[in-house]
Amino acid sequence: MKRPGEDVTVVAGDSDFAPGDVRYSFLVIKHDARPVERSRARVWLAHSQFGHPFESAIARLETIGAPGAGESAFGGVGRIYVVHLRIRRPGRYWLVAEPFGAKIQALGTLEVKARSDSVAVGAKAPESATPTLASTHGAVSQLTTRVPPDRALLRYSIAGSLAAHKPFVVTFATPRYCTSRTCGPVVDVVDFVRPKFAASGVRFIHVEVYKDNRPALGYNRWMHQWGLQSEPWTFLVGRDGLIQAKFEGSISAAELEAAIRRLLL
């Protein structure tokens, strides 16, 4: 933090962390409100603000939304940094991020709980009887707030996919009502990646987050079943019904495709 340049606060893209491989996404925003978008950033992690770093890692800039889709997150942000950190114990940690070649340092914290609020990696996926086009007799407005509707993501339910022992990707997102404006881009990413795995048997599912798609009614039962307190969330579930990976907030097409190839095929 004593290096030359601006000192700013990290803008975190996620908040539900547990010990293990912590995927942390963030923005570095200058004092003039412009994001710093270098291809990489160095991240240092310490036990306190003035402690000696016990780990460093490289964050990579990932695109928000599907290639060519054009939709940005809140404030017109189109890319976000993602770094993976190994954290063995719960607690409060401090980090500094410095984009390569930029005279700016961003300070932030992350709270690592003993257990995450969301369903843990390695746990059994809840058998959520989420609605489909068939179960609602094609009433697509009940199933998605995306325009145009993402019909290809509304064919299968979570419970049906678990019963059929099919690997699947499920995203909990509300394109119309998402306050961070990252839900639409995440659904676009899932739909963009889907055709690449058409012959693999991997299913792709979109679940809305509010009761009757009305924010005033609060989160629906499927959000509660999965322990979700924000949106969007994306999970990868294997043939054995176990959670293989999870992503809070934005995820790029490249990141999702790589995870599917590594964990579900």
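Laboratory data are not the source of any read-out in this text; all were calculated from the coordinates shown. In this text the structure is predicted, and so the values were computed from the model without any measurement. Every residue, glycine as well, gets a Cβ built from its backbone with ideal geometry; the counts of neighbours run over all protein chains shown.
Quick one: if the Förster radius is 35 Å, what FRET efficiency do A102 and K196 give, using the C-beta to C-beta distance and rounding to 0.05? Efficiency for this residue pair is about 0.55. Contact order for the chain, expressed relative to its length and based on alpha carbon pairs under 8 Å spaced 6+ residues apart, stands at 20 percent. Can you bin the range 142-202 into rounded, prolate or oblate? Criterion: square roots of the alpha carbon gyration tensor eigenvalues sorted a ≥ b ≥ c, rounded for a/c under 1.5, prolate for a/b above b/c, oblate for the rest. Prolate, because a/c is 1.5 or more and a/b exceeds b/c. Straight Cα distances below 16 angstrom link K103 to the lysines K2, K30, with same-chain residues fewer than 8 positions distant left out.
Inter-part distance, the range 204-225 to the range 80-119, computed on C-alpha centroids, equals 28 Å. Result for the chain in a Gaussian network model with C-alpha springs under 10 Å: among L217, L162, L143, the largest mean-square fluctuation is at L217. Using the alpha carbons alone, the radius of gyration of the range 173-265 stands to its Kirkwood radius in an Rg to Rh ratio of 0.97.
Take every pair of alpha-carbon atoms less than 8 Å apart whose residues are at least six positions apart; their mean separation over the length of the range 140-263 yields a relative contact order of 30 percent. P(r) tail for the range 6-112: Cα pairs beyond 19 Å make up 42% of the total.
One chain, two ends: R261 and A33. Fully extended at 0.36 nm per residue, the span grows by 78.4 nm beyond their Cα-Cα distance. Maximal additional length on extending the R40-F54 stretch stands at 3.0 nm, based on 0.36 nm per residue less the C-alpha distance. Counted by Cβ distance under 10 Å from M223, the other residues give a net charge of 0, where Lys and Arg count +1 and Asp and Glu count -1.
So, counting K/R as plus one and D/E as minus one, what does the shell of residues with Cβ under 15 Å around L110 add up to? Once all neighbours under 15 Å are counted, the net charge is -1. When the Gaussian network model of the chain links Cα atoms closer than 10 Å, the mean-square fluctuations of A199, A129, A66 top out at A199.
Calculated on the alpha-carbon coordinates, the convex hull of the range 59-192 measures out at 154 cubic angstrom per residue.
Give, as a single signed number, the net charge of other residues whose beta carbon lies under 15 Å from the beta carbon of V169, with Lys and Arg counted +1 and Asp and Glu -1. Charge balance in the 15 Å sphere: +3. Amide H contacts for E62 (H built 1.01 Å from N in the peptide plane; partners 5 or more residues away or on another chain; cut-off under 5 Å): I80, Y81, V82. Arranged from fewest to most other beta-carbon atoms within 10 Å of their beta carbon, W222, W233, W94 become W94, W222, W233. Relative to its Kirkwood radius, the Cα radius of gyration of the chain gives an Rg/Rh of 0.98. Annotation: for a label point projected 7 angstrom from Cα along Cα→Cβ of D117, residues of the range 165-183 with backbone N closer than 18 Å are 172-174, 178-183.
So what is the 222 nm mean residue ellipticity for the chain from helices alone, if each DSSP H run of at least 4 adds -39500 (n - 2.57) and you divide by all residues, rounding to the nearest 500 deg cm²/dmol? Computed ellipticity for the chain at 222 nm equals -3500 deg cm²/dmol. Phi angles across the range 163-180 convert, under the Karplus curve 6.51 cos²θ - 1.76 cosθ + 1.60 with θ = phi - 60°, into 3J(HN,Hα) values of 5, 8, 6, 9, x, 8, 10, 10, 10, 9, 7, 10, x, 7, 10, 5, 5, 7 Hz, Gly and Pro given as x.
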